[in-house]
Amino acid sequence: MKKFFMSALAITAVASAAQAGPINLDLRADYSATTYDKSTVLPDSNRFYLRTGRLDYQGKAFEDVSFRVRWSFAKSASQNGTDSAQQALEFAYLTHKMSDMFALTIGRMNTDIGGFEGTTSGSDLYLLSSNYNLYTGQTASGSFGGAAPAAYYGTSNMLYMTGAKLTMSFAEGTNSIQLMGMDQKNDEGSTTAGTMDQNQLLMGIVYKGSFMEKSLNFIASYHTSEGPIVDTKYQWMAAGVQWAADPVTISVDYLLNDEKNDAGAGGKNELSSIVVKAAYTGLEQWVPRLDFFSSERKDELSTAVDTKWIGYGAVLEYKPYNDKNFRYHVAYNNIKESPDGAANDITRHEVIVGTRFLGDFLK
């Protein structure tokens, strides 16, 4: 009887949610085969994995207040010390639209770090720049060999943070400026006998603009945060332009991440990338894409050698149904790493085959 009662309660809750609004499932599953030329660090590999897996619920509390909760079941469920949220929780925020010009958002939300590459859904990314991919599981944080820089973070680590954001919209909503203060990434898990040790915030400003009936788009951002070591500071800077007029979409980003140390002799680590992405949507069910990036890392605060990367990617997407957000895709990535003074360059080859679906979970 107890099991029946609990099942009925769960069904009632789901049905109520269905009446309140859609719960979207965003699922991308891939097979990846990766090989390395002349690498002494990473082995060749192949695997099936969930590139994206999340449930997304949006709605309105009342007329001027909306909310959004997005939970990823492809990420760790461990809890952050500072904001008390699971790492798998990407969005959990309320937005109060105070007027046609001002909106205030509080909770866990996107930071808009990383230009158009950073604001693109991870479900639609294949080739990742070194700025995006910094510290996401590769042996030397985007590098195929050698030492990693001290502790600065890439776009993928900074996508979702907890704090407050004020959005000012103008020019009939086609332009906006966001001002934000959020928890620092390096303090997310910091506790000392249950006491938070964060005493500074990550601060950011983001400009977004659309012109020519949204065919020409711009994004520029600056974020800064104190580092985990005394007298260190992180900065994330991005500027991007996008042409999006059917059937062609082209975006170009310039990204710059750095870590500065003002103690002693000073110095900084710096990582910069130029990212170009292009897509052609004029073939009905087929969408070809081309990706390119060029990155350079310069290190003064560690023993890591300066390194350059050049990456090329080709993607073909197939959409069996024109009215559904469902596709198959195959992609090939080629990334060459050139460490300063090394005898050989290292090349990474990756083939990705997979599928992606985005739609109402309850239908």
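The values are calculated or read from the model by the stated rules, or taken from the named source; none is laboratory data. Quick caveat: nothing in here was measured; it's all calculated off a predicted structure. All Cβ positions, glycine included, derive from the backbone under ideal geometry; neighbour counts span all protein chains shown. SASA here: full protein model, heavy atoms, side chains in, ligands and nucleic acids out. Shrake-Rupley method; radii C 1.70, N 1.55, O 1.52, S 1.80 Å.
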- Note on the structure: Placing +1 on each Lys and Arg Cβ and -1 on each Asp and Glu Cβ in segment 36-125, then taking the dipole about the Cα centre, the residue among Thr105, Ser84, Gln58 whose Cα reaches farthest towards the positive end is Ser84
- How many percent of the accessible area of segment 244-300 is carbon or sulfur, using a 1.4 Å probe? 54
- Item | Accessible-area value, Phe326, 1.4 Å probe, nucleic acids and ligands omitted, Å² | 50
- Task: Quick one: dipole size for segment 229-358, taken about the Cα centre, charges +1 on Lys/Arg Cβ and -1 on Asp/Glu Cβ, in debye to the nearest 20.
- Result: 500
- Using the Karplus equation 6.51 cos²θ - 1.76 cosθ + 1.60 (θ = phi - 60°), what ³J(HN,Hα) coupling, rounded to whole Hz, does each residue of segment 165-171 give in order, writing x for Gly and Pro? 9, 9, 10, 10, 9, 8, 6
- Message: Placing unit charges on C-beta atoms (Lys and Arg positive, Asp and Glu negative, everything else neutral), compute the dipole magnitude of segment 155-273 about its Cα centre in debye, rounded to 20.
- Response: 200
- Among Tyr254, Ser221, His329, whose Cα lies farthest out toward the positive end of the dipole of segment 208-363, if unit charges sit on the beta carbon of Lys, Arg (+1) and Asp, Glu (-1)? His329
- Query: Say the cut-off is 23 Å between C-alpha atoms; which of Lys60/Lys277; Lys319/Lys363; Lys298/Lys336; Lys268/Lys308; Lys208/Lys277; Lys165/Lys268 go over it?
  - Reply: Lys60/Lys277; Lys165/Lys268
- Keeping the other protein chains in place, figure out the carbon and sulfur percent of the accessible area of segment 28-141, with a 1.4 Å probe. 54
- Note on the structure: SASA check, Trp236, accessible area w/ 1.4 Å probe, all protein chains in place, rounded to nearest 10 Å², comes out at 10
